[in-house]
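> Before anything else, here's the structure in question.
The values are calculated or read from the model by the stated rules, or taken from the named source; none is laboratory data. Remember, it's a predicted structure, so these values are computed and weren't measured experimentally. All Cβ positions, even for glycine, are placed from backbone atoms using ideal geometry, and neighbour counts span all protein chains on display. Accessible surface is based on the protein model in full, side chains and every heavy atom, while ligands, DNA and RNA are left aside. Shrake-Rupley method; radii C 1.70, N 1.55, O 1.52, S 1.80 Å.
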Amino acid sequence: KTIAVSILGVVSPVVHLLGAIVFLVGVDWVTGILASYKRGEKITSFGLRKTPAKLLGFCILILAANAVDVVFSVQFWAKLCAGAIAMNEFQSAVENIESITGYRLWDTFVNRIRGTKLKPIMKNRKE
């Protein structure tokens with residue numbers, strides 16, 4: 001019973017972070033499959049098998065970071081790890097959507113953030 005309470009104490013503060021990561025990994029997985037299909041690439045079980053291992057690793061990292069937060073009485077490491085993972089998964093999903101649609105979304109995001117003049121949003125398509 002004490003172990004369950006300890007585990008709950010480590011997991012409950014980051015449940016929202018874990019949920020967001022699960023969602024973003026799912027979005028990346030779905031858009032990755034669609035992009036592969038669009039590019040005419042073969043979708044294999046080997047490629048699909050990497051997603052659960054990646055997700056498990058991400059969740060373990062966030063939980064470990066939260067344990068560090070608990071030990072040092074801070075709220076930093078779990079959010080930092082989740083933020084880095086979230087941005088990586090978001091960027092990957094955006095790149096997949098770029099492959100599907102042909103729009104240069106990531107460049108547009110970066111240019112908006114930097115405040116530079118936007119480049120044309122369409123790539124030269126060969127369709």
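> Residue check: is LEU55 among the aliphatic types (A, V, I, L, M), under 21 Å from PHE90 (Cα atoms) and without any contact (Cβ under 8 Å) to a residue 60 or more places away in the chain?
yes
> Report, ordered by the first and then the second residue, all pairs with beta carbons closer than 6 Å, sequence separation of six or more or different chains, a first member in region 91-107 that is touching a residue at least 12 places away in the same chain (Cβ under 8 Å), and a second member that is open to solvent by 40 Å² or more (accessible area, probe 1.4 Å) and not in a helix (DSSP H, G or I).
Once the first residue is touching a residue at least 12 places away in the same chain (Cβ under 8 Å) and sits in region 91-107, its partners that are open to solvent by 40 Å² or more (accessible area, probe 1.4 Å) and not in a helix (DSSP H, G or I) give GLY102/LYS123; GLY102/ARG125; TYR103/ILE121; ARG104/ILE121; ARG104/LYS123.
> Which residue is nearest to GLY57 (Cα to Cα), if the candidates are limited to region 82-127 and must be modelled with pLDDT under 90, outside any loop (DSSP other than H, G, I, E, B) and not aliphatic (A, V, I, L, M)?
Only one residue tops the list, namely TRP106.
> Hey, among LYS54, LYS42, LYS79, which residue is open to solvent by 50 Å² or more (accessible area, probe 1.4 Å) and not in a helix (DSSP H, G or I)?
LYS42
> Something else: Residue under question is VAL74, and the condition is that it be open to solvent by 40 Å² or more (accessible area, probe 1.4 Å), touching a Leu at 6+ places or on another chain (Cβ under 7 Å) and modelled with pLDDT under 95; does it hold?
Details: open to solvent by 40 Å² or more (accessible area, probe 1.4 Å): yes; touching a Leu at 6+ places or on another chain (Cβ under 7 Å): no; modelled with pLDDT under 95: yes.
Criteria not met by VAL74.
> So how many residues does region 5-21 have that are surrounded by fewer than 14 Cβ atoms within 10 Å (Cβ to Cβ) and under 12 Å from the mean Cα position of the chain (by Cα)?
So the answer is 1.
> Among all residue pairs at least 6 apart or on different chains, which show Cβ distances below 9 Å where the first residue, located in region 1-13, is farther than 18 Å from TRP77 by Cα and among the charged types (D, E, K, R) and the second is part of a helix (DSSP H, G or I) and open to solvent by less than 100 Å² (accessible area, probe 1.4 Å)?
Filtered contacts from region 1-13: no entries.
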